[in-house]
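Where a number appears in this text, it was derived from the coordinates with a stated rule and is not lab data. Remember, it's a predicted structure, so these values are computed and weren't measured experimentally. Virtual Cβ from ideal backbone geometry, glycine too; neighbours counted across all protein chains shown.
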Amino acid sequence: MVVACKAAAVPPGEGKRIEIPGHAPIAIFNVDGKFYAIDDTCTHGNASLCEGFLDGRVIECPFHSGSFDVVTGEALAYPATAPVTAYGVRMEGGDIVLDLD
C-alpha cells in the first residue's frame, strides 16, 4: 500500500499523475467523488492519460482518441486495444491509498 496524494488534490471530473519511485506513472481519477487508479501511459501512443478528456468513467487519450475505462483499465476505443493496469484504491482519512500488488 502506498499513500498517493490527498483527495483534495484530485477535483471531481479530473485526473492527477502520480510518480512513485520504482513504478510506472499512475493516473488517479475522481469520478463523482469516487477515486480510481490506472497506469497513466496509454498502451497505444505512450501519452499521459491524465492529460486526456474524462467523461464519466471513460478517459480519452490526448494523442489519438483511444479510450479506457478508469475502473477496470479496459481499452474501449481504437486505436487503443491493450488494457492498462487498474489498481485498488481506498481512502484513509483525506489520503488516497493505492494497492500496487
What's the FRET efficiency of Tyr78 with Arg17 using the Cβ-Cβ distance as r and R₀ = 22 Å, to the nearest 0.05?
0.35
Mean separation of Cα pairs under 8 Å and 6+ residues apart, divided by the residue count of the chain: what relative contact order is that in percent?
27
Rank-order 13-25, 76-88 by packing density, defined as the average count of other C-beta atoms within 10 Å over each peptide's residues, highest first.
76-88, 13-25
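Show me the three semi-axes of the equivalent ellipsoid for the chain, from the C-alpha gyration tensor (sqrt of 5 times each eigenvalue), largest first, rounded to whole Å.
21, 14, 11
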Residue by residue, what Karplus-based ³J(HN,Hα) values in Hz, rounded to whole numbers, does segment 2-15 have, using 6.51, -1.76 and 1.60 with θ = phi - 60° and x for Gly and Pro?
9, 6, 8, 5, 7, 4, 5, 7, 10, x, x, x, 10, x
